[in-house]
């Protein structure tokens, strides 16, 4: 009951459909203007569906210069266990690894795998293609939203979200589960963590020992989002713009980046791109608990305007919109794929 009221009084946990309900009217208006319900696919011409749905992470990584992201390997769901074992034996990876669906869903089915046996177990459960990725050594993560109009020489950063990972500090008395229950944000993860950690969840941590429970910065997995837009500087904007302009056909979206320090990232050093998100991207800094739902709606409206205007410019330059038939088919495939991930 406490968790229910916590969710009710903190809009960041409201259902996606509720938060985006006002935006749907803007979508309908723009769709009528462009005579296409799926106009957004033109916003990033080199990404499938503009990066909105049925987007392969492997295909997006292929657009990014290799020096900017960790070693990544695509694994087909159809691969036999023998073929997987051979792949692991001949790969340049060192454990632990991160496994995640090639077409992801808000952090679902993302796992940290400690050894080959864990990879094989993941493969046996997965009914979808996935990626194996080297664990990034940097401790911090941000999401940087980037916008550049096709007729502009330089892009801009429209928001930065810093990510506070789900972490607990031992007191020598309480178990991991008991410590997690003391924080509503963490308590919501107990069911998933029970499956992942098993008996370890009921171990007592030494006093003062800090442990990151979830190694990746996803809001649905307990990460706290903090608005760090104050970090935007001309130098950081220059660095991000130079990176993004090397990504062919990318105009609108969010880069999730792990980094050592913000000063190093500003200079373009000691960082790695975790993911590049297109038309489906959210300006995630709106989920800072200090922001109101009104602030969130205002920010979403501004970004949706950018999405529309960039799509329109690209369309006028020859990039077609999805037809209604194609768009509905892609959406149906998207829902079918998501069901596989939910079953994981």
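Among 208, 222, 159, whose mean-square fluctuation peaks in a Gaussian network model of the chain (Cα, cutoff 10 Å)? Of the options given, 208 has the highest mean-square fluctuation.
Computed with the Debye formula from one identical point scatterer per Cα of region 254-304, without solvent, the log10 of I(q)/I(0) at q = 0.13, 0.19, 0.27 Å⁻¹ comes to -0.44, -0.78, -0.95. Neighbour counts of C-beta atoms inside 10 Å place 290, 260 in the sequence 290, 260, starting with the fewest. Paramagnetic label reach from residue 95 (point 7 Å along Cα→Cβ; backbone nitrogen cut-off under 20 Å): within region 189-203, residues 195-201.
Between residue 260 and residue 6, the distance separating the two model label sites (each 7 Å from Cα on the Cα→Cβ line) works out to 3.6 nm.
Every helix of 4 or more DSSP H residues in the chain counts as -39500 (n - 2.57), and over all residues that averages to -11000 deg cm²/dmol at 222 nm.
Note on the chain: GNM, Cα springs under 10 Å; of 93, 21, 53, the largest mean-square fluctuation is that of 21. In the chain, the C-alpha radius of gyration followed by the widest Cα-Cα span (Dmax) gives 20.6, 65 angstrom. Cβ-to-Cβ counts within 10 Å put 259, 29, 6, 146 in ascending order as 29, 6, 259, 146, the fewest first. Ranked for footprinting exposure by Cβ neighbours inside 10 Å, fewest first, 335, 185 give 335, 185.
Plainly put, region 7-88 has a radius of gyration that is 1.15 times its Kirkwood radius, both from alpha-carbon atoms, as the Rg/Rh ratio. Between region 313-339 and region 220-299, the alpha-carbon centres lie 26 Å apart. Seen against the Cα atoms of the chain and their longest principal axis, helix 21-34 is set at about 30 degrees. The angle between the Cα long axis of helix 324-342 and the main principal axis of the chain comes to about 10°, on a 0 to 90 degree scale. Based on the Kirkwood approach, the hydrodynamic radius assigned to region 69-184 is 17.4 Å, with every pair of different Cα atoms included.
Backbone N atoms of region 12-32 closer than 15 Å to the 7 Å Cα→Cβ label point of residue 301 belong to residues 20-30.
Across every direction, the projection of the convex hull enclosing the Cα atoms of region 177-219 has a mean area of 3.2 nm².
Between residue 212 and residue 153, the FRET efficiency from the beta-carbon distance, with R0 = 35 Å, is close to 0.30. With each label point set 7 Å from Cα along the Cα-Cβ vector, what nm distance links residue 340 and residue 35? Result for the modelled spin labels: 3.6 nm.
Across 218, 90, 115, mean-square fluctuation computed from a Gaussian network of the chain (C-alpha pairs under 10 Å connected) peaks at 90. Only Cα sites of region 71-135 enter the Debye sum here, all with the same form factor; the resulting log10 I(q)/I(0) across q = 0.23, 0.24, 0.27 1/Å is -0.96, -1.06, -1.39, listed in q order. Measure nothing fancy, just the Cα-based angle from helix 81-90's long axis to the longest principal axis of the chain, in degrees from 0 to 90, nearest 10. In the chain, helix 81-90 runs at an angle near 90 degrees to the longest axis.
We did not get these values from a lab; they are worked out from the coordinates using the rules stated. All values reported here derive from a predicted model rather than from experimental measurement. Please note: Cβ atoms are built from the backbone with ideal geometry, for glycine as well, and neighbour counts cover all protein chains shown.
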